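Asks: So that we are looking at the same thing, I have put the structure below in structure tokens.
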Amino acid sequence: MPAVSAAPSREADLLAERAEKLAAAHPDDFGAVWLDTDTGEVSIRTATAKGAGLAERLRDELPDGQAAALRLRATDRSLGELERAADDAIDLAAEGAKLKGVFQTGVDAETNRVEISTRTVSPGLVRTLAHRYGADAVTVVHAPKAPELKLLQGSRVDDRSPFWGGAYILGPGGRACSSGLPWQAGDVSMMLTAGHCAPDGGLVQTRAEAMGYVLERERENWDNNGPRRGTERFPNDSEDRGDIALVDIPDEKSSAGKVYGPGNTEGRSIRSEFSRPAQRDDKFCTSGAATGEVCGWRTTLINTNRIVRTPGLSVGVARGINLAVKQGQCARRGDSGGAIYTINSDGSVNAKGILSAGGGGGTDNWGGRLDPCTLVWTDIYKVIDSHLPGHLRTSAVD
């Protein structure tokens, strides 16, 4: 079935997006922005007098209907402070010696706190978090059964030019992954995939032919060896952008505005990118080389940090990513880099992002109520708003 967002209205989405962009541009003057999906109200928290002035200006510029839905609230915890705390906590947890048991951190927009998820809780951990970040700035979530997430390196079997998303690819060093979303910059064809599929750059190929090349650091943001193992920031970028790589395809080949659908040969046309960045409860489908098209995913967290493991069991941190869950078929090794999208009534898709890591579902990769599938993914707007060249490649839809 088509995956549809649970957002209350287009007007509420637009208001939340505008408020979030304002807060992101001034993270030390605002707290987190919260969209109440039940009422359609958007709360924008101000942390400084400058923030209050900018929020008032925003409200004055809004149409009457949107202005009435905007709630201005004061806070003593800025978004910048919370994001720095979330980054610090996940880095300490990844080092292993401190914050043992912590596997995920992020800003909870509803409470304007740092939400820290841990498999084990001890008085020492709680004291450490309260001392380091402030007791009223942290919410500790005890999740002893949270699955360990693994990078899903692992047809769509022998894709050829023009290349589609959702096909089997082989990254440098023999990393089995999936192509994601077709991309283009002027006359140059490209393909998005996951950064950990080409962490040092290099040649990407299908089983049939070479696809293209990823430039190290300039076109991928995953580091397997550095001090911030996992997501690294692109040069001259101040934001963590999940897990992405951009493959440059040579002139004699191309990508097409399609992704593989339910089978190994059927394609879906890409209509456009999704209308806005992800929000909680957004539903979507995935297309990857190992599992094909799988729908029913539901977004649970946005712009968060999560510890993941490579097939060799080394630890990394996926930063600035989204999480989702479902029951039934989980993602499997080889799905990394695959496409994420919603399906329109005519069978075309709107692109939402790139698949990164997954877990849950036990040994048979089949999630139930007590052991659901979990997915890590990167929002397409992390790419659109980055320094990376080009834009989503689309197809004409009748």
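The values are calculated or read from the model by the stated rules, or taken from the named source; none is laboratory data. As the structure is a computational prediction, the values presented were derived from the model and not from experiment. Note that each Cβ is placed from the backbone with ideal geometry, even for glycine, and that neighbours are counted across all protein chains shown.
Asks: Residues in the range 112-124 that are more than 16 Å from residue 31 (Cα to Cα) and either in a strand (DSSP E or B) or over 28 Å from the mean Cα position of the chain (by Cα) (or both): how many? Spell out how you get there, then give the answer.
Replies: If we filter the range 112-124 for residues that are more than 16 Å from residue 31 (Cα to Cα), which is where we start, we get 116-124.
Cutting the leftovers down to either in a strand (DSSP E or B) or over 28 Å from the mean Cα position of the chain (by Cα) (or both) gives us 116-118, 122-124.
Counting residues in the range 112-124 that are more than 16 Å from residue 31 (Cα to Cα) and either in a strand (DSSP E or B) or over 28 Å from the mean Cα position of the chain (by Cα) (or both) gives 6.
Asks: Now for a separate question. Would you mind finding the one in 149, 170, 72 that is more than 23 Å from the chain's Cα centre (by Cα) and either surrounded by 15 or more Cβ atoms within 10 Å (Cβ to Cβ) or closer than 29 Å to residue 12 by Cα (or both)? Give the steps one after another, and end with the answer.
Replies: Details: 149 fails: more than 23 Å from the chain's Cα centre (by Cα); 170 fails: more than 23 Å from the chain's Cα centre (by Cα).
Only one candidate passes the filter, namely 72.
Residue-by-condition table, conditions (1) more than 28 Å from residue 94 (Cα to Cα); (2) part of a loop (DSSP other than H, G, I, E, B); (3) out of contact with any strand residue (DSSP E or B) (no Cβ under 6 Å at 6 or more places or on another chain); (4) of a type in the set (Asp, Glu):
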{"position": "334", "(1), (2), (3), (4)": "no, yes, no, no"}
{"position": "345", "(1), (2), (3), (4)": "yes, yes, yes, no"}
{"position": "353", "(1), (2), (3), (4)": "no, no, no, no"}
{"position": "358", "(1), (2), (3), (4)": "no, no, no, no"}
{"position": "376", "(1), (2), (3), (4)": "no, no, no, no"}
{"position": "381", "(1), (2), (3), (4)": "no, no, yes, no"}
{"position": "396", "(1), (2), (3), (4)": "yes, yes, yes, no"}
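Asks: What residue, of 128, 118, is among the hydroxyl-bearing types (Ser, Thr, Tyr) and either touching a helix residue (DSSP H, G or I) at 6+ places or on another chain (Cβ under 8 Å) or surrounded by 21 or more Cβ atoms within 10 Å (Cβ to Cβ) (or both)? Talk me through it step by step, then tell me what you get.
Replies: On the way: 128 fails: either touching a helix residue (DSSP H, G or I) at 6+ places or on another chain (Cβ under 8 Å) or surrounded by 21 or more Cβ atoms within 10 Å (Cβ to Cβ) (or both).
None of the other options fit; the residue is 118.
Asks: Would you mind stating whether residue 156 is assigned to a loop (DSSP other than H, G, I, E, B), in the same structural domain as residue 293 (by TED's automatic domain parsing) and surrounded by fewer than 19 Cβ atoms within 10 Å (Cβ to Cβ)? Show your work before the answer.
Replies: Details: assigned to a loop (DSSP other than H, G, I, E, B): yes; in the same structural domain as residue 293 (by TED's automatic domain parsing): yes; surrounded by fewer than 19 Cβ atoms within 10 Å (Cβ to Cβ): no.
Against the criterion (assigned to a loop (DSSP other than H, G, I, E, B), in the same structural domain as residue 293 (by TED's automatic domain parsing) and surrounded by fewer than 19 Cβ atoms within 10 Å (Cβ to Cβ)), residue 156 does not qualify.
Asks: What is the residue count in the range 292-301 for residues that are of a type in the set (S, T, N, Q) and buried (at least 19 other Cβ atoms within 10 Å of the Cβ)?
Replies: Filtering the range 292-301 down to residues of a type in the set (S, T, N, Q) leaves 299-300.
Cutting the leftovers down to buried (at least 19 other Cβ atoms within 10 Å of the Cβ) gives us 299.
So the answer is 1.
Asks: Kindly indicate which of 316, 261 is of a type outside the set (A, V, I, L, M, F, W, C) and closer than 30 Å to residue 96 by Cα.
Replies: Values: 261 fails: closer than 30 Å to residue 96 by Cα.
Every option except 316 fails the conditions.
Asks: Just checking: which of the strands (runs of 3 or more DSSP E) contained wholly in the range 174-291 hold 2 or more residues that are buried (at least 23 other Cβ atoms within 10 Å of the Cβ)? Even if it seems obvious, please write down each step before you answer.
Replies: Working: elements: 175-178, 181-185, 188-193, 202-205, 210-214, 245-248, 255-260, 267-273, 283-288.
Ranges flagged: 175-178, 181-185, 188-193, 210-214, 245-248, 255-260, 267-273, 283-288.
Asks: Can you tell me which residues in the range 303-337 are within 12 Å of the chain's Cα centre (by Cα) and of a type outside the set (Ser, Thr, Tyr)? Can you show your working first?
Replies: First, the residues of the range 303-337 that are within 12 Å of the chain's Cα centre (by Cα): 303-306, 318-324, 337.
Matches in the range 303-337: 303, 305, 306, 318, 319, 320, 321, 322, 323, 324, 337.
Asks: Among all residue pairs at least 6 apart or on different chains, which show Cβ distances below 6 Å where the first residue, located in the range 214-240, is charged (D, E, K, R) and the second is at pLDDT 95 or above and not in a loop (DSSP other than H, G, I, E, B)?
Replies: Once the first residue is charged (D, E, K, R) and sits in the range 214-240, its partners that are at pLDDT 95 or above and not in a loop (DSSP other than H, G, I, E, B) give 219/246; 220/195; 220/214; 220/245; 240/231; 240/319; 240/320.
Asks: Here's another thing I want to ask about it. Run residue 28 past the list (1) buried (at least 16 other Cβ atoms within 10 Å of the Cβ); (2) more than 30 Å from residue 148 (Cβ to Cβ); (3) modelled with pLDDT of 95 or more and report the number of the one that doesn't hold.
Replies: Among (1) buried (at least 16 other Cβ atoms within 10 Å of the Cβ); (2) more than 30 Å from residue 148 (Cβ to Cβ); (3) modelled with pLDDT of 95 or more, the lone unmet condition for residue 28 is (1).
Asks: How about the range 58-91: which of its residues are charged (D, E, K, R), under 14 Å from residue 132 (Cα atoms) and in contact with a Lys or Arg (Cβ under 8 Å, 6 or more places away or on another chain)?
Replies: 87, 88, 91
Asks: Does the range 61-68 include one or more residues that are more than 17 Å from residue 110 (Cβ to Cβ), in contact with a helix residue (DSSP H, G or I) (Cβ under 8 Å, 6 or more places away or on another chain) and of a type outside the set (A, V, I, L, M)? Spell out how you get there, then give the answer.
Replies: The first filter runs over the range 61-68 and keeps only residues more than 17 Å from residue 110 (Cβ to Cβ), leaving 61-68.
Right, trim to in contact with a helix residue (DSSP H, G or I) (Cβ under 8 Å, 6 or more places away or on another chain) and you get 62, 65-67.
In the following step, the residues that additionally are of a type outside the set (A, V, I, L, M) were identified as 65-66.
Yes, the range 61-68 contains at least one residue that is more than 17 Å from residue 110 (Cβ to Cβ), in contact with a helix residue (DSSP H, G or I) (Cβ under 8 Å, 6 or more places away or on another chain) and of a type outside the set (A, V, I, L, M).
Asks: Still on this model: Only one residue in 139, 105 is at pLDDT 90 or above, touching a strand residue (DSSP E or B) at 6+ places or on another chain (Cβ under 9 Å) and buried (at least 16 other Cβ atoms within 10 Å of the Cβ), so which one is that? Show your work before the answer.
Replies: Details: 139 fails: buried (at least 16 other Cβ atoms within 10 Å of the Cβ).
Just one listed residue meets the conditions, 105.
Asks: Filter the range 357-393 for residues that are in contact with an Asp or Glu (Cβ under 6 Å, 6 or more places away or on another chain) and at pLDDT 95 or above; which is farthest from residue 147 (Cα to Cα)?
Replies: Looking at residues that are in contact with an Asp or Glu (Cβ under 6 Å, 6 or more places away or on another chain) and at pLDDT 95 or above, I get 392.
Asks: For the range 209-228, check the following and say yes or no: at least one residue is touching a His at 6+ places or on another chain (Cβ under 7 Å) and assigned by TED's automatic domain parsing to the domain that holds residue 321. Outline the logic, then answer.
Replies: Taking the range 209-228 and keeping what is touching a His at 6+ places or on another chain (Cβ under 7 Å), we get 222.
Now restrict to residues that are assigned by TED's automatic domain parsing to the domain that holds residue 321: 222.
Within the range 209-228 (the criterion being touching a His at 6+ places or on another chain (Cβ under 7 Å) and assigned by TED's automatic domain parsing to the domain that holds residue 321), the answer is yes, since at least one residue qualifies.
Asks: Scan the range 47-95 for residues that are part of a helix (DSSP H, G or I) and among the acidic types (Asp, Glu) and jot them down. Spell out how you get there, then give the answer.
Replies: Of the residues in the range 47-95, the ones part of a helix (DSSP H, G or I) are 49-61, 64-69, 79-95.
Within the range 47-95, 56, 60, 61, 64, 81, 83, 87, 88, 91, 95 meet the criteria.
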